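So the structure is just underneath, and the comments pick up after that.
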Amino acid sequence: MSEPPFSFRITHTDGRARRGAITTAHGAIETPAFMPVGTQGGVKAITHRDLESVGAEVVLGNTYHLYLRPGDALIARLGGLHRFIGWPRPILTDSGGYQVFSLSSRRTITDEGAHFRSHLDGSAHLLTPEKAADIQAHLGSDIAMVLDECVAHPCSIQEAADAMRRTLDWARRARERMLALRSHPVDGVTVTNRGQAQFGIVQGSVYPELREASAVGTVALGFEGHAIGGLSVGEPTDVMYDIVSQTTAFLPEQQPRYLMGTGMPEDLVESVARGVDMFDCVLPTRNARNGQLFTARGRLNIRNARYAEDERPVDSECACYTCRTFSRAYLRHLFLSGEIVAATLNTLHNLNFYLDTMRGIRDAIAFGRFESFRLAFHQRLSRQALDS
Ligand SMILES: [Zn+2]
């Protein structure tokens with residue numbers, strides 16, 4: 001069995017915050033890292049060239065969407081996801097589970113897997129832990145995620161415990177499948193990236209004892225890294241931070257830790273302080289398309305009438321193409337006119353802000369001044385109120 005060319009090296013620590021680098025078959029990812037979401041194989045409104053210009057080193061692809069359209073077998077025939085979408089750098093794919101829970105209709109969960117109907121054409125599908133591993137083998141991402149069961153918030157401890165145990169059982173099956181795919185040819189499955197790593201996912205809702213059991217059980221399965229799932233689903237922020245803090249304590253120091261689907265810029269800083277290395281979230285891209293721009297002093301809604309004759313850039317401290325070139329007045333005009341390029345320029349800025357935040361975090365950790373960075377970050381945000 002060949003070991004994947006996947007490694008993680010921590011170069012600096014500051015309190016519980018870590019700086020390091022993940023090495024994959026498609027290059028390195030400096031951590032802590034933010035991964036822009038490229039749902040259907042593209043980050044909405046921008047090109048890969050734009051992504052590179054803001055310093056993105058890794059993008060996330062959604063298995064659910066790519067499985068339904070254009071289909072993972074087609075992508076495998078075309079050489080895998082990197083080649084299909086023309087992005088030679090690292091890619092992480094989720095398992096499809098989250099979208100099955102949030103997008104599909106008439107889903108039923110059994111121990112076997114998730115039965116659901118496509119949101120596109122109503123066709124019936126069964127996503128099992130093995131199937132999710134096979135689809136991601138076709139896609140050939142550098143990091144594949146196991147299928148997990150996400151629960152809503154609030155949910156009873158019994159429901160959370162049942163979903164956590166099922167997630168653990170699914171993780172065991174997903175790992176067995178991955179090891180089989182690595183060791184010998186499996187009928188009907190084309191492995192397009194021999195270097196694919198696989199991460200387990202810790203569930204357990206807001207219950208510390210379930211999170212501990214989930215983390216211990218998942219770590220024992222031998223994954224290359226671990227994610228914390230089931231947060232940012234409506235629980236209070238302080239509860240989320242507590243669960244992150246308690247969960248990372250049970251994850252191996254020497255492996256990457258990924259907080260899934262979170263969040264606001266302040267959540268990134270606070271979660272790094274609790275030992276998280278990787279993030280993804282649709283907020284910078286989705287909010288950009290709605291005209292909401294992130295800055296160090298808070299969020300700015302470009303539709304606001306106060307920007308009609310404002311010649312300043314969105315953020316005078318931002319070096320992105322949008323801020324170097326255009327005024328708030330022009331961006332507001334583009335947005336209100338429904339010009340497509342408004343989404344492009346806004347997305348470029350928001351992603352640059354997120355990736356700049358991560359660069360600031362990494363530098364602060366390297367210089368041993370993460371605590372003062374964290375304090376200054378919150379102080380600037382609290383003085384904000386750009387629109388209020
Ligand atoms: Zn900018």
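Structural remarks
- If the Kirkwood radius is taken over C-alpha pairs of segment 244-388, then at 37 °C and 0.692 mPa s the Stokes-Einstein diffusion coefficient equals 203 µm²/s.
- Förster radius 35 Å - calculated FRET efficiency between Arg9 and Leu74, Cβ distance, rounded to 0.05: 0.45
- Residues Asp363 and Ser327, FRET efficiency given R0 of 25 Å [Cβ-Cβ distance, rounded to 0.05]: 0.25
- GNM remark for the chain: springs join alpha carbons under 10 Å apart, and the peak mean-square fluctuation among Asp310, Asp134, Asp121 falls on Asp121.
- Here the accessible area of segment 140-254 is 54 percent carbon and sulfur, with a 1.4 angstrom probe and all protein chains present.
- Whole-Hz couplings from phi, Karplus 6.51/-1.76/1.60, listed for segment 71-80; x for Gly and Pro: x, 5, 5, 4, 5, 5, 4, 8, x, x
- Legend note: in the chain, cysteines whose Cβ sits 4.7 Å or more from every other cysteine Cβ are Cys150, Cys155, Cys281, Cys320.
- The largest accessible area among Ser372, Ser316, Ser118 belongs to the first residue in Ser316, Ser372, Ser118, and the rest follow in falling order (1.4 Å probe, all chains).
- The modelled label-to-label distance for the pair Asp238/Glu52, using points 7 Å beyond Cα in the direction of Cβ, is 4.7 nm.
- Note on the chain: GNM, Cα springs under 10 Å; of Arg211, Arg374, Arg312, the largest mean-square fluctuation is that of Arg312.
- On Cα atoms only, tilt of 370-382 relative to the major axis of the chain in degrees: 60 degrees
- Between Leu139, Leu351, Leu375, the residue with the greatest mean-square fluctuation in the GNM of the chain (Cα pairs under 10 Å linked by springs) is Leu375.
- Stretching Leu120 away from Glu159 to a fully extended chain increases their span by 11.1 nm, per 0.36 nm per residue minus the current alpha-carbon distance.
- Our helix-only sum for the chain, with -39,500 (n - 2.57) per DSSP H run of n ≥ 4 divided by its residues, gives a mean residue ellipticity at 222 nm of -12500 deg cm²/dmol.
- Centre-to-centre separation between the Cα atoms of segment 259-330 and those of segment 101-131: 34 Å.
- The mean sequence separation of alpha-carbon pairs under 8 Å and at least six residues apart, normalised by the residue count of segment 241-307, gives a relative contact order of 26 percent.
- Take each peptide in 292-301, 95-104, count the other Cβ atoms within 10 Å of every residue, and average; sorted highest first, the result is 95-104, 292-301.
- Set the Cα radius of gyration of the chain against 2.2 N^0.38 Å, with N its number of residues, and you get 0.97.
The values are calculated or read from the model by the stated rules, or taken from the named source; none is laboratory data. Since we're looking at a predicted model, the values are computed, not measured. Glycine gets a Cβ as well: all are built from the backbone with ideal geometry, and neighbour counts include every protein chain shown. These area figures cover heavy atoms from the full protein model, side chains too; ligands, DNA and RNA do not enter into them. Shrake-Rupley method; radii C 1.70, N 1.55, O 1.52, S 1.80 Å.
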